[in-house]
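The values are calculated or read from the model by the stated rules, or taken from the named source; none is laboratory data. None of the values given here were measured: they were computed from a predicted structure. Note that each Cβ is placed from the backbone with ideal geometry, even for glycine, and that neighbours are counted across all protein chains shown. In case anyone asks, the SASA skips ligands and DNA or RNA and just uses the protein heavy atoms, side chains included. Shrake-Rupley method; radii C 1.70, N 1.55, O 1.52, S 1.80 Å.
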Amino acid sequence: MPTPKLKNVSRFLFVAIVTVPVVSGMVYAALYSLGIIGILNTEISSKAWQTVFFGKPFWSAIGFSLYISVVSMAISLAVALLISIKWQKNLRDGLLGTAIYFPLCFPGTVMAFFSFQMLSKSGFVSRLGFNMGWIEDLRVFPSWIHDAYGIGIIFTSVLLITPFFIILFSNLFKTENIASFQHLAKTFGASNRQILWKVTLPILLKRASVTIYLFTIFIMGSYEVPLLLGRQDPQMISVAIIQKIQRFNLNDIPQGYAMSILYVLLILSVVILLFFRNKNFFKTSAV
Amino acid sequence: MMENILEIKNLDKTFGKETVLKNINLSLKKNAVVSLLGASGSGKTTLLKIIAGLEHQNNGEIFLNGKEISNIKPQRRNIVYLYQEALLFPHLNAFENVAFGLRLRKTPEKDVKQKVMQMLEYLGMPNHATKMANQLSGGQRQRISFGRAMIIEPSLLLLDEPFGALDSTTRQKMQELFKELAKTMQLSALFVTHDLKEAIVMGDSIGKIMKGHLKQHSDLREFYEDEESGVKKEVEFWKQFIN
């Protein structure tokens, strides 16, 4: 058990490293968005906030980010569950157990370039299709990069997060004693389908729920991948904010800060809602 | 003569080159409890898993109610195997844990509610119906685990050291509860333990597995008389403090 002195040092470090920078950034952004500070700001104004709150770009960016995040998570979870349940033995004892860590070494930017090389109109899949005679011209190949549905972004996000969830589910399979639960359910008369839907999936997903929510938020806020593979409209929220803050029009900067605060407040509201629905939700020891 | 619910004939089990069970013969009368004693690694758990259908024997036959079940899937045997841990499903509350088997059988909702509440009353836990597994004590979890098994009225209950993880007071209470349940609900059960006293308390008769061989005694007197059972040595040990 930590001594009171060590506890105080830990608290100080937490405040100094985490709380102070984050709160300082939020305060700076709030002051800038309200016209209190900033090179072109002359008076206190809620104009930036009104433009963001009642305008379309912020909400369409939030909607697009949520769509990309939910679809990427759904595909990743489905693939990760399938692999971790079906190939449990290979993950535990075989080469796959080591190889699965390999994709985690790739940074998002590298994976985005890989996706670009694979899925663009002049990419590998397109050329393969052309040489196989499936398409008559490379230009006929569907737009999977810089497209309206964010297919390239989703593909890359899935590549980035699926290995992580395979490792997570594979470890949970062992630590949560899933094999014993499956055997128990068998002796109660459960079919393989019932074991999957009533035992294996609920236990794994419940245990991983906090991580799933956090990754959903993480993908919503991803920057490099949508910057490289997304298009100007619709944009994901991080790209939209950075463009407002770093664009040549300095008058847009307050809007960028207002968007970032509003985005943080939305995410915080969801986290607080989850917390009040179940106060044990973010405790790792709770079932 | 009372009929046998379980008969095992000439059963062998090997893992690789290691023989775990050799020429096992066992019979269990209907509505009776047989305690199976044995040291760790003696093959007790393997035998239970084979009876439940979770492992397969190399040789031998298993009969349940006179029918051979050796090649029948565990789902169709109507034999429930309970582990040392209560293994309550962590995503379900106490009520839903008890209702698990009934829901698999698509029992009408009205009957589920009535049967589960009746079982919880019987276990002395009606006020814990909405609690999750991590909100229950070890003994309470084990009660719910029993309720979950008994509500589907299995032909045979296999208990693999069910009280092994409990403290001595809770263990004694659970032994009493199980004895009462076994009598009231007319259970047929194989009760595995490595505790000599528990084996005597829980079983109508006792079997002992040593180095893969099973010796079954028809009653407790015969078990006492057997030099290999260890009961006489135990009695002698306690006698030295009396004399």
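Taking a ≥ b ≥ c as the square roots of the eigenvalues of the alpha carbon gyration tensor, segment A:1-160 is oblate, as a/c is not under 1.5 and a/b does not beat b/c. Once a ≥ b ≥ c are taken as the square roots of the eigenvalues of the Cα gyration tensor of the protein assembly as shown, is the result rounded (a/c under 1.5), prolate (a/b larger than b/c) or oblate (a/b not larger than b/c)? It comes out prolate by the Cα gyration axes.
Residue by residue, segment B:159-175 carries 3J(HN,Hα) couplings of 10, 9, 6, x, 9, x, 9, 9, 6, 4, 5, 5, 4, 5, 4, 5, 4 Hz when phi is fed to the Karplus relation 6.51 cos²θ - 1.76 cosθ + 1.60 (θ = phi - 60°); x denotes Gly or Pro. Of the residues making up segment B:103-152, those losing 30 Å² or more of accessible area when the isolated chain is joined by the remaining protein chains, with a 1.4 Å probe, are B:LEU104, B:ASN134, B:ARG148. Scanning residues 5 or more positions from B:ILE69 or on other chains, those with amide H under 5 Å from its amide H are B:ILE62, B:PHE63, B:LEU64, with H placed 1.01 Å from N in the peptide plane. Considering only trypsin sites (Lys or Arg not before Pro) in DSSP loops that have at most 13 other Cβ atoms within 10 Å, the longest stretch of chain B without any of them is B:107-210. Other residues within the sphere of radius under 12 Å centred on the Cβ of B:PRO74, judged by their own Cβ, net out at +4 (K and R +1, D and E -1). Averaged over peptide A:175-187, the number of partner chain Cβ atoms lying within 10 Å of each residue's Cβ comes to 6. Restriction of the chymotrypsin sites (Phe, Trp or Tyr not before Pro) in segment A:180-249 to DSSP coil positions whose beta-carbon has at most 12 other beta-carbons within 10 angstrom yields A:PHE248.
Based on DSSP, what percent of beta bridges with both residues in segment B:122-243 are antiparallel, to the nearest 5? So the antiparallel bridges amount to about 55 percent of the total.
Tabulate in residue order the Karplus-calculated ³J(HN,Hα) for segment B:48-65, using 6.51 cos²θ - 1.76 cosθ + 1.60 with θ = phi - 60°, rounded to whole Hz; enter x for Gly and Pro. Taking θ as phi minus 60°, the curve returns 4, 5, 5, 5, 6, x, 8, 10, 10, 6, 7, 9, x, 10, 10, 10, 10, 6 Hz for segment B:48-65.
Of all DSSP bridge pairs formed entirely within the protein assembly as shown, close to 55 percent run antiparallel.
Heavy atoms of the protein chains alone define the surface here; on that basis segment A:55-246 has 50 Å² accessible area per residue at 1.4 Å probe size. Phi-derived couplings, Karplus 6.51 cos²θ - 1.76 cosθ + 1.60 at θ = phi - 60°, listed residue by residue for segment A:254-267: x, 5, x, 5, 4, 4, 5, 5, 4, 5, 4, 5, 4, 5 Hz, with x used for Gly and Pro.
Would you kindly calculate the translational diffusion coefficient of segment A:183-287, applying Stokes-Einstein with the Kirkwood radius from alpha carbon pairs, for 4 °C and a viscosity of 1.567 mPa s, and quote it in µm² s⁻¹ without decimals? In µm²/s, the coefficient is 75.
Surface composition of chain A: carbon and sulfur atoms hold 68% of the protein heavy-atom accessible area at a 1.4 Å probe.
Accessible surface comparison of A:TYR101, A:TYR149, probe 1.4 Å, protein chains only, largest first: the order is A:TYR149, A:TYR101. Using just its DSSP H runs of length 4 or more, each adding -39500 (n - 2.57), chain B gives a mean residue ellipticity at 222 nm of -11000 deg cm²/dmol after division by all residues.
Per residue of chain A, the DSSP helices (runs of n ≥ 4 H) give a summed -39500 (n - 2.57) that works out to -21500 deg cm²/dmol at 222 nm. Search the structure for amide H atoms under 5 Å from the amide H of B:MET210, placed 1.01 Å from N in the peptide plane, and list their residues when 5 or more places away or on another chain. Here B:LYS215 satisfy the definition. For chain B, the longest principal axis of the alpha carbon atoms and the long axis of helix B:109-122 meet at an angle near 50°. The alpha-carbon of A:LYS86 sits under 23 angstrom from the alpha-carbons of these lysines, leaving out residues fewer than 8 places away in its chain: A:LYS174, A:LYS186, A:LYS198, A:LYS206, B:LYS49, B:LYS73. Excluding ligands, DNA and RNA, the accessible surface per residue across chain B is 50 Å² with a 1.4 Å probe.
If you take the alpha carbon atoms of segment A:55-246 and fit the smallest convex hull around them, that volume is 154 Å³ per residue. Taking both sides together, the accessible area buried where B meets A is about 2100 Å² for a 1.4 Å probe.
Proximity of backbone amide H atoms, modeled 1.01 Å from N, is registered between B:SER188 and B:ASN31, B:LEU157 at under 5 Å, excluding neighbours fewer than 5 places apart on the same chain. For helix B:231-242, report the angle its Cα long axis makes with the longest principal axis of the Cα atoms of chain B; keep it between 0 and 90° and round to the nearest 10°. So the helix axis and the longest Cα principal axis differ by about 90 degrees.
Mind running the shape call on chain B? Use the C-alpha gyration tensor, a ≥ b ≥ c as the square roots of the eigenvalues: rounded below 1.5 for a/c, prolate if a/b tops b/c, oblate otherwise. Verdict is oblate for chain B.
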